[in-house]
Amino acid sequence: MKITPSILNADLANLASEVGRISNADMVHVDVMDGHFVPNLSIGLPVVESLLKHTDLPLDMHLMIESPDVWAPQYAEAGAQSVTFHIEAARAPVRLARELRRLGARSSAALNPATPVESVATMLDEVDMVLLMTVEPGFGGQKFLDLVLPKIRQLRKLIGSRDISVQVDGGVSTETIERCAEAGADVFVAGSAVYRAEDPNAMVDELRALAVR
Ligand code: DX5
Ligand code: ZN
């Protein structure tokens, strides 16, 4: 069970110190948005390259962008440990997943709430993680979509005995994390839940404890 706080909800003008506040997280979830694939713009490669110099935690890149085939490998080259691209945006997802692994990163494919799990069924051997969006991507602080819970179960069935993580992202909190874990998720992004908490590290511990129950 891994907790990966999303810094989208942090004070982005003080990124290094904000990441320093979550020392007990397993990874740091970094949301890259291009204003095209999603209606919001966040940060890109130059900021991520700087951030890598300021933290020992692995970066869990979530690329909500068009043309991931072009951009995603550059995050792997920069040193991100895990790189997630959206299956809806990739032109050649199998080639891209293989390229990410060749560059030394964990490869991961993300699915929007309305995208069926079958869209990754044929390429499960190419990925280390599948991210199921539990909100429409683009913004932090949205309400968790329960309709994704059956998808988590379907995906777990498709994965079978393979060593693949199932990540959920969007609206994950002390209210919703147990449902996700029970359905089969094992990596949990938490943005506003962690960064709006008075003690972010305590919240990470609380979420982890709820997930393993
Ligand atoms: C949304 C992003 C999420 C977001 C999660 O499109 O991918 O990572 O920051 O924030 P919360 O946990 O507040 O929903
Ligand atoms: Zn995300």
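Computed values, structure above
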item: Hits in the range 88-102 (condition: farther than 11 Å from residue 67 by Cα, out of contact with any Pro (no Cβ under 6 Å at 6 or more places or on another chain) and surrounded by fewer than 20 Cβ atoms within 10 Å (Cβ to Cβ)); result: 94, 95, 98, 101, 102
item: Selection from the range 100-127 of residues that are touching a Ser or Thr at 6+ places or on another chain (Cβ under 9 Å) and either within 16 Å of ligand 1 (Cβ to nearest atom) or of a type outside the set (A, V, I, L, M) (or both); result: 101, 106, 107, 108, 109, 110, 111, 113, 126
item: Some residue of the range 101-110 being in a helix (DSSP H, G or I), under 22 Å from residue 2 (Cα atoms) and in contact with a strand residue (DSSP E or B) (Cβ under 6 Å, 6 or more places away or on another chain); result: yes
item: Selection from the range 64-89 of residues that are more than 17 Å from residue 104 (Cβ to Cβ), in contact with a strand residue (DSSP E or B) (Cβ under 7 Å, 6 or more places away or on another chain) and within 15 Å of ligand 2 (Cβ to nearest atom); result: 64, 65, 68, 86, 87
item: Candidates 148, 135 - the one that is on the phi < 0 side of the Ramachandran plot, within 16 Å of ligand 2 (Cβ to nearest atom) and in contact with a Ser or Thr (Cβ under 6 Å, 6 or more places away or on another chain); result: 148
item: Residue in the range 27-39 that is of a type in the set (Asp, Glu) and farther than 21 Å from residue 190 by Cβ present; result: yes
item: Subset of the range 178-213 that is hydrophobic (A, V, I, L, M, F, W, C) and exposed (fewer than 15 other Cβ atoms within 10 Å of the Cβ) - its residue that is nearest to residue 131 (Cα to Cα); result: 212
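Just so you know, all these numbers are worked out from the coordinates, no wet-lab data involved. Note that the structure is predicted; figures quoted are calculated from it, not measured. Using ideal geometry, Cβ is built from the backbone for each residue, glycine included, and neighbour counts are taken over all protein chains shown.
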